[in-house]
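The values are calculated or read from the model by the stated rules, or taken from the named source; none is laboratory data. Since this is a predicted model, take the numbers as computed values, not measurements. For neighbour counting, all protein chains shown are included, and Cβ atoms are generated from backbone atoms with ideal geometry for every residue, glycine included.
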Amino acid sequence: MSVRREHKVAGRLDALLDAHPGLDPDRGGPMDGPIVPGLALTRRTAVRIFESCLQSRAQDFEARRMKDEGRSYYTIGSSGHEANAVFGHLLRTTDPALLHYRSGAFLAARQRRAPGQTPLFDAMLSFAASSDDPVSGGRHKVLGSFELWVPPQTSTIASHLPKAVGMAYALARMERHGLRPAIPGDSIVYCSFGDASANHATAQAGFTAAAASALHRQPCPVLFACEDNGIGISTRTPHDYIERCFRRREGLTYFAADGRDLAGAYTQAQAAIEHCRRTRRPVFFHLRTVRLLGHAGSDVETVYRTAEELEQAEAQDPLLAFADLLLATGAISREGLLAMRDDMLERVRRCGAEASERPKLTTAAAVRAPLDLPDPAAVKVPVADEEARKRAFGGRLPEHEDRRRPMGLRLSQGLRDVMLAWPQTFVFGEDVARKGGVYHVTNGLWETFGSGRVFNTILDETTILGLAQGMAQVGCLPIPEVQYLAYLHNAIDQIRGEAASLQFFSANRFANPMVVRIAGYAYQRGFGGHFHNDNSIGALLEIPGLVIASPSRGDDAVGMLRTCVATAAQFGKVCVFLEPIALYHQKDLFEPGDGLWEWEYPAPPQAVPLGEAAVHGAGEHDQLTIVSWANGFYMSLKAQAQLAREGIAVRVVDLRWLAPLPHDTVAEQAAATGRVLVVDECRKTGAGPSAAILADLATRRETRGVVMERVAGEDSYVPLADAANLVLVQTDDIVAAARRLVAEQPIDGGAR
């Protein structure tokens, strides 16, 4: 039996067209009449949809041929799933569509409805990884269209479902607050995926979030379309599995159709769309399909499927049923259908040949261009109306207070100012509303801005971050809160694989601007254990294009928050704002009652420029540079004072930004003293930025000869009580390391 089956699949359609007697179109009835009595699909529309299906099938064949010739790099196709074209035809082109990778016919049908599209050529440019590809610019084979509201998805495990819910969830909420969504307010959101992907935890989060919205009577017009072909690569899905799981799922309205029944699928899809748009409630559409040609071109199906099984699957090819329907009802003649097929194959082949010659990405700078961060000077912070500010702050502006305040309160005031300056901002997460957050950082926001802009979510970080992405894509500026750093790891792919990658894989055409607030790090006294004292941020540091802010001081926290929000709003960036829990309510630095860790409020538009570090206590005769941030910076200042009493002059650099890391400032300050100590409150191995800092210093000409050392936490989870201090960096550790360094001379007489 042949491993490659394209010729078998194509041969069945050829045989049907050769043998079918057809019906004279003159005897088939009017083209705008129903192709099946009593159903909605007309003959004219059926022919139009079939042409989209043919296009999708031809693209699959051509992708494999191009791959054989070294001109294409992607062979996961849509063959057998072509019935999804009915949704591409029926939905509005302004209804966002987050597509499964087998939804090629959907996109073909949608593009056919809009003027000025070049769907065949666009698809081939994508297959050929050409930089002319209008979707990803040659970075990935994705189904997408900026003009037609199809944001590209790179997911293979349905991780796009939570953000589809976020899009749907945002529409009514925005209109309620006088904000105009980027799409019409009566839009619905279409989201397709496979039967195997429905099992994934992220997919389940999407279903749960949508159902929870319905049960809370909050509008959430999302249409989940499960394209059920009964197999995930080689793992089978029981025939009735999806129906049994979802037919009676609370909060979701279930529709179903056979993907070989074009008229029936069209009618059911029309009903599902109408129900979703009218009720503003989530719908689950179960579309039975068949997978043809294997999972991808590299998939050898004969390893796990018998010859008989493959023959049975190919006999269920929907194009056979669709062609039979068109011919038997006289919607098109046999000659017309043959001409359509031949013309499509030829046009696709010509487009493939042309696309193969188009330019490719040729430099690393071009590849990563969508990830580039803006020039700090280009980030502009607006100021809200002064009277509105006075009302929001109870008559007295915080910059006019006659006393200093700790970080937690200053952050709360900073959030209030941000929400005034940016009316499209929404603050949400667990416990952020009436309660004001576990640490009271969102205290008073619910009372000031109402439950529409400050709201609690269900207890699921994947949902929180998914909502943020979807809301951002339709015009919101979300500020979601993840309650503890340890909880982020349950949902990190929503930032890593989804949010931060969108600009990259859409060549900057789509963005989901957001500022994710995370209460993090360790050093909480009398409370904790690992889940409340997590000292690993390595999973964030490796994400390309992500902005990571981590303030140490209350005034910096406000200024950096403003910069993050402006960077997100103006440049579409995903920003993570890491807040040190242990410093929220800290007032003192050296001794109880000194009040040296309380801060004045910086009046807007004062801000901390993106990537700008701060140097504290620099003197002409300094012997050592200490580099740190957050809790490490706080402890480093304590160490600086102790060392000064011993006659050792030290300057301290507060990184403030962990992405982009302020490497130039660190190098300049290290070179100035000839010695550098990096204090990393995270674990030694891969958990914090110290390795990247030291690697950069070690490879710079201007820091050659600088003596370097670091202090970092032990490679351990954080235990309860005083045992935590055994694995976390302490002030005494910093002092001891500083003494050792100062005793050493710079290498080769390098800088001081």
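Is there a residue in the stretch 643-653 that is surrounded by 21 or more Cβ atoms within 10 Å (Cβ to Cβ), in contact with an Asp or Glu (Cβ under 9 Å, 6 or more places away or on another chain) and under 23 Å from Ala582 (Cβ atoms)?
Checked against the condition, which is being surrounded by 21 or more Cβ atoms within 10 Å (Cβ to Cβ), in contact with an Asp or Glu (Cβ under 9 Å, 6 or more places away or on another chain) and under 23 Å from Ala582 (Cβ atoms), the stretch 643-653 yields at least one hit.
Please tell me if Ile183 is part of a loop (DSSP other than H, G, I, E, B), over 28 Å from Glu301 (Cβ atoms) and among the aliphatic types (A, V, I, L, M).
Yes, satisfied.
Go through the stretch 357-387 and report how many residues are of a type outside the set (Lys, Arg) and touching a helix residue (DSSP H, G or I) at 6+ places or on another chain (Cβ under 7 Å).
Residues that pass the stated criteria total 9.
List the number of the failed condition for Gly559; all other conditions in (1) in the same structural domain as Val515 (by TED's automatic domain parsing); (2) in contact with a strand residue (DSSP E or B) (Cβ under 9 Å, 6 or more places away or on another chain) hold.
So Gly559 meets the others, but not (2).
Answer with yes or no whether Val47 is among the β-branched types (Val, Ile, Thr) and surrounded by 24 or more Cβ atoms within 10 Å (Cβ to Cβ).
Against the criterion (among the β-branched types (Val, Ile, Thr) and surrounded by 24 or more Cβ atoms within 10 Å (Cβ to Cβ)), Val47 does not qualify.
List pairs: first residue in the stretch 651-669 and outside the structural domain of Leu541 (by TED's automatic domain parsing) and within 17 Å of Gly617 (Cα to Cα), second residue of a type in the set (Val, Ile, Thr) and in a helix (DSSP H, G or I) anywhere in the structure, Cβ distance under 9 angstrom, at least six positions apart or on different chains.
Arg651/Thr673; Val653/Thr665; Val653/Val666; Leu655/Thr665; Leu655/Val666; Leu655/Ile693; Val666/Ile693
Quick test of your reading of the structure: Pro374 fulfils all but one of (1) exposed (fewer than 15 other Cβ atoms within 10 Å of the Cβ); (2) at pLDDT 95 or above; (3) not in a helix (DSSP H, G or I). Name the failing condition by number.
(1)
With the condition kept exactly as written, say whether any residue in the stretch 191-202 is touching a Phe, Trp or Tyr at 6+ places or on another chain (Cβ under 6 Å), hydrophobic (A, V, I, L, M, F, W, C) and modelled with pLDDT under 95.
no
Tell me, please, whether a residue that is touching a residue at least 24 places away in the same chain (Cβ under 8 Å), under 26 Å from the mean Cα position of the chain (by Cα), buried (at least 24 other Cβ atoms within 10 Å of the Cβ) and closer than 21 Å to Phe504 by Cβ can be found in the stretch 556-563.
No: zero hits.
Only one of Ala209, Ala201 is buried (at least 24 other Cβ atoms within 10 Å of the Cβ), closer than 28 Å to Arg496 by Cα and in the same structural domain as Arg281 (by TED's automatic domain parsing). Can you tell me which?
Selected residue: Ala209, the only one of Ala209, Ala201 that is buried (at least 24 other Cβ atoms within 10 Å of the Cβ), closer than 28 Å to Arg496 by Cα and in the same structural domain as Arg281 (by TED's automatic domain parsing).
Could you list, in sequence order, all residues of the stretch 13-33 that are surrounded by fewer than 18 Cβ atoms within 10 Å (Cβ to Cβ) and at positive phi?
Gly29
For the structure I just gave you, tell me whether Arg350 is among the charged types (D, E, K, R), part of a helix (DSSP H, G or I), closer than 30 Å to Arg496 by Cβ and outside the structural domain of Gln473 (by TED's automatic domain parsing).
no
So which residues in the stretch 608-626 are farther than 20 Å from Glu646 by Cα and not charged (D, E, K, R)?
Answer for the stretch 608-626, where residues must be farther than 20 Å from Glu646 by Cα and not charged (D, E, K, R): Val608, Pro609, Leu610, Gly611, Ala613, Ala614, Val615.
From Val36, Val86, grab the single residue that is assigned by TED's automatic domain parsing to the domain that holds Val222 and crowded, with 24+ Cβ neighbours inside 10 Å.
Val86
Restricting to the stretch 15-45, give me the number of residues that are without any contact (Cβ under 8 Å) to a residue 60 or more places away in the chain and among the hydrophobic types (A, V, I, L, M, F, W, C).
Number satisfying all stated conditions: 2.
Do we find that Tyr266 is modelled with pLDDT of 95 or more and either touching a Phe, Trp or Tyr at 6+ places or on another chain (Cβ under 9 Å) or not assigned by TED's automatic domain parsing to the domain that holds His160 (or both) in this structure?
no
Check whether at least one residue in the stretch 69-77 is over 23 Å from Arg5 (Cβ atoms) and either touching a residue at least 12 places away in the same chain (Cβ under 8 Å) or touching a strand residue (DSSP E or B) at 6+ places or on another chain (Cβ under 9 Å) (or both), and report yes or no.
no
Yes/no matrix, rows are residues, columns are (1) modelled with pLDDT of 95 or more; (2) in contact with a helix residue (DSSP H, G or I) (Cβ under 8 Å, 6 or more places away or on another chain); (3) under 21 Å from Ala85 (Cβ atoms):
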site: Ala257; (1), (2), (3): yes, yes, yes
site: Arg277; (1), (2), (3): yes, no, yes
site: Thr302; (1), (2), (3): no, yes, no
site: Asp317; (1), (2), (3): yes, yes, yes
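Take the stretch 133-172 and flag every residue that is assigned to a helix (DSSP H, G or I) and in contact with a strand residue (DSSP E or B) (Cβ under 9 Å, 6 or more places away or on another chain).
Leu161, Lys163, Ala164, Val165, Gly166, Met167, Ala168, Tyr169, Ala170, Leu171
Any chance you could count how many residues in the stretch 662-682 are touching a helix residue (DSSP H, G or I) at 6+ places or on another chain (Cβ under 8 Å) and surrounded by 21 or more Cβ atoms within 10 Å (Cβ to Cβ)?
Summing the residues that are touching a helix residue (DSSP H, G or I) at 6+ places or on another chain (Cβ under 8 Å) and surrounded by 21 or more Cβ atoms within 10 Å (Cβ to Cβ) in the stretch 662-682 gives 10.
Provide a single number: the residues in the stretch 704-723 that are crowded, with 22+ Cβ neighbours inside 10 Å and either out of contact with any His (no Cβ under 9 Å at 6 or more places or on another chain) or part of a helix (DSSP H, G or I) (or both).
4
Here is a check on your reading of the model: is Ala63 part of a helix (DSSP H, G or I), within 28 Å of the chain's Cα centre (by Cα), at pLDDT below 95 and buried (at least 24 other Cβ atoms within 10 Å of the Cβ)?
yes
Taking the conditions exactly as written (within 15 Å of Val381 (Cα to Cα), of a type outside the set (Asp, Glu) and in contact (Cβ under 8 Å) with a residue 24 or more places away in the chain), does Ala568 satisfy them or not?
yes
Output yes when any residue across the stretch 111-128 is closer than 22 Å to Pro359 by Cβ, surrounded by 22 or more Cβ atoms within 10 Å (Cβ to Cβ) and among the polar types (S, T, N, Q), and no when none is.
Yes, the stretch 111-128 contains at least one residue that is closer than 22 Å to Pro359 by Cβ, surrounded by 22 or more Cβ atoms within 10 Å (Cβ to Cβ) and among the polar types (S, T, N, Q).
So which residues in the stretch 686-701 are of a type outside the set (A, V, I, L, M, F, W, C), under 25 Å from the mean Cα position of the chain (by Cα) and either part of a helix (DSSP H, G or I) or more than 15 Å from Phe633 (Cα to Cα) (or both), if there are any at all?
Selection gives Gly686 alone.
Output the number of residues of the stretch 77-132 satisfying the condition of being among the aliphatic types (A, V, I, L, M) and not in a helix (DSSP H, G or I).
Of the residues in the stretch 77-132, 7 are among the aliphatic types (A, V, I, L, M) and not in a helix (DSSP H, G or I).
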